Amino acid sequence: MRRQASSWGSLAGLLSVIFLGSATALAQQDFSKVEIKVTKVSGNIYMLEGAGGNIAASVGEDGIVIVDDQYAPLAEKIQAALKGITDKPVRFIINTHYHGDHTGGNEPFANTGSTVIAQDNVRKRLESGGTAGNGGSIKMENKPAAKGALPIITFENDVTVHLNGEDIRALHFPAGHTDGDAIIFFPKNNVVHMGDDFVRYGFPFIDVASGGSVQGMISAMEKTLTMLPPDVKVIPGHGALSNLDDVRAFVKMLKETSAVVQTAIDRKQTLEQMKQAKILAPWEKFSGSFINSDAFIETLYNSLTGQKGKFVKHN
Ligand SMILES: [Zn+2]
């Protein structure tokens with residue numbers, strides 16, 4: 001999928017079709033047409049865009065560390081794109097969370113010698129499979145992943161990979177986009193990969209069925225904002241290379257829309273009444289065909305009232 005989509009709507013439309021990499025979705029996506037675009041971000045850090053989540057790559061004398069790996073059918077193209085930078089192997093993959101558009105390449109990369117690292121809950125959710133969703137109209141089935149796709153090294157709070165002269169640090173933030181999110185810091189290069197706690201396709205998908213919440217997403221972003229230098233380069237889970245002003249605008253939208261839905265909850269409005277009253281109309285520019293205003297009202301309502309939907313199979 002090209003990132004230069006003409007609008008959030010068309011990008012989000014593509015995302016909705018291929019989002020989590022279910023068997024049906026994979027059948028619908030023609031990966032043969034996907035090209036991997038490589039952008040040098042800073043120093044020895046690159047960003048790779050194809051279909052699915054953005055990849056960060058630390059490329060240096062010790063080899064390659066990548067953050068996320070898109071879809072299995074793209075693994076060879078991703079390897080080829082990396083070969084254009086170095087002949088060294090991909091030694092480690094860090095998953096930002098369990099969704100198939102970020103972990104689909106785990107198995108093929110593991111088969112060629114890479115070691116996958118992720119937060120404990122990423123492995124659990126890949127292993128069990130289950131239903132992802134916003135507790136409302138957005139639902140996606142995930143089959144249990146093959147053994148070869150499971151992370152070999154897992155961590156509860158944080159882990160550091162010391163490679164290419166840098167302390168690459170993965171830090172877990174609970175209950176944001178999912179319950180297994182990690183944000184990955186490249187301190188020497190002044191780059192951060194946010195996973196899907198920060199995306200550029202409009203209202204974000206928050207997987208409340210997998211332990212995500214808008215409150216957790218806001219706190220993850222606010223904490224991260226205090227940790228980062230002002231000129232850090234930000235790789236979002238989806239969308240173009242960003243900066244902290246972009247992150248601040250995203251957090252502002254999350255806080256304002258949450259406050260509006262919370263006020264409606266306090267006034268005992270039903271979900272249906274909130275949708276009919278179009279309470280998120282002032283943020284209409286964030287409404288996409290994947291997460292439109294109604295789906296985001298559901299997300300916020302379920303997040304703020306602690307409803308995770310009735311279809312969760314695991315935990
Ligand atoms: Zn995701």
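The values are calculated or read from the model by the stated rules, or taken from the named source; none is laboratory data. These numbers were taken from a predicted model, which means no experiment stands behind them. All Cβ positions, even for glycine, are placed from backbone atoms using ideal geometry, and neighbour counts span all protein chains on display. In case anyone asks, the SASA skips ligands and DNA or RNA and just uses the protein heavy atoms, side chains included. Shrake-Rupley method; radii C 1.70, N 1.55, O 1.52, S 1.80 Å.
Derived scalar couplings between HN and Hα for region 248-258 equal 4, 5, 5, 5, 4, 4, 4, 5, 5, 5, 4 Hz in order, rounded to whole Hz, by the Karplus curve 6.51 cos²θ - 1.76 cosθ + 1.60 (θ = phi - 60°), x for Gly and Pro.
Residue by residue, region 130-139 carries 3J(HN,Hα) couplings of x, 10, 9, x, 9, x, x, 6, 8, 9 Hz when phi is fed to the Karplus relation 6.51 cos²θ - 1.76 cosθ + 1.60 (θ = phi - 60°); x denotes Gly or Pro. Taking 7 Å steps out from each Cα toward its Cβ at residue 265 and residue 139 produces label points 2.2 nm apart.
Just to verify a number: FRET efficiency for residue 276 and residue 42, C-beta to C-beta distance, R0 = 41 Å, to 0.05? Using R0 = 41 Å, I get an efficiency of 0.30. What the Cβ-Cβ distance of residue 76 and residue 128 gives, at R0 = 25 Å and to the nearest 0.05, is a FRET efficiency of 0.30. Helix-only arithmetic for the chain: the sum of -39500 (n - 2.57) across DSSP H runs with n ≥ 4, divided by the residue total, places the mean residue ellipticity at 222 nm at -9500 deg cm²/dmol. Can you pick out the pairs among 252/278; 188/233; 147/308; 40/83 whose Cα atoms lie more than 23 Å from each other? Long pairs (Cα-Cα over 23 Å): 147/308. Put a dot 7 Å past the Cα of residue 88, heading toward its Cβ, do the same for residue 243, and the two dots end up 3.0 nm apart.
According to the calculation over all Cα-Cα pairs in the chain, the P(r) per 20 Å bin from zero is 36, 58, 6, 0 %.
A crude spin-label estimate for the pair residue 305 and residue 32, with each label 7 Å from Cα along the Cβ direction, gives 4.8 nm. Over region 214-276, the ratio between the Cα radius of gyration and 2.2 N^0.38 Å evaluates to 1.40.
Region 34-87 and region 115-181 have their alpha-carbon centroids 19 Å apart. State which stretch of the chain is the longest one without any exposed GluC sites (Glu not before Pro), exposure meaning a DSSP loop state and at most 14 other Cβ atoms within 10 Å. Segment 157-315 is the longest. Probing with 1.4 Å while keeping every protein chain in the model, the per residue accessible area of the chain equals 40 Å².
Short to long, the 10 Å bins of the Cα pair-distance histogram for region 118-181 hold 20, 41, 29, 9, 1 percent of all pairs. Amide H to amide H, with H built 1.01 Å from N, residue 181 comes under 5 Å of 173, 175, 176, counting only residues 5 or more places away or on other chains. Loop-located trypsin sites (Lys or Arg not before Pro) in region 234-315 (DSSP state not H, G, I, E or B) with no more than 11 neighbouring Cβ atoms inside 10 Å: 267, 268, 310, 313. All alpha carbon pair distances within region 182-315 were sorted into 10 Å bins beginning at 0; the resulting P(r) in whole percents reads 12, 42, 32, 13, 2.
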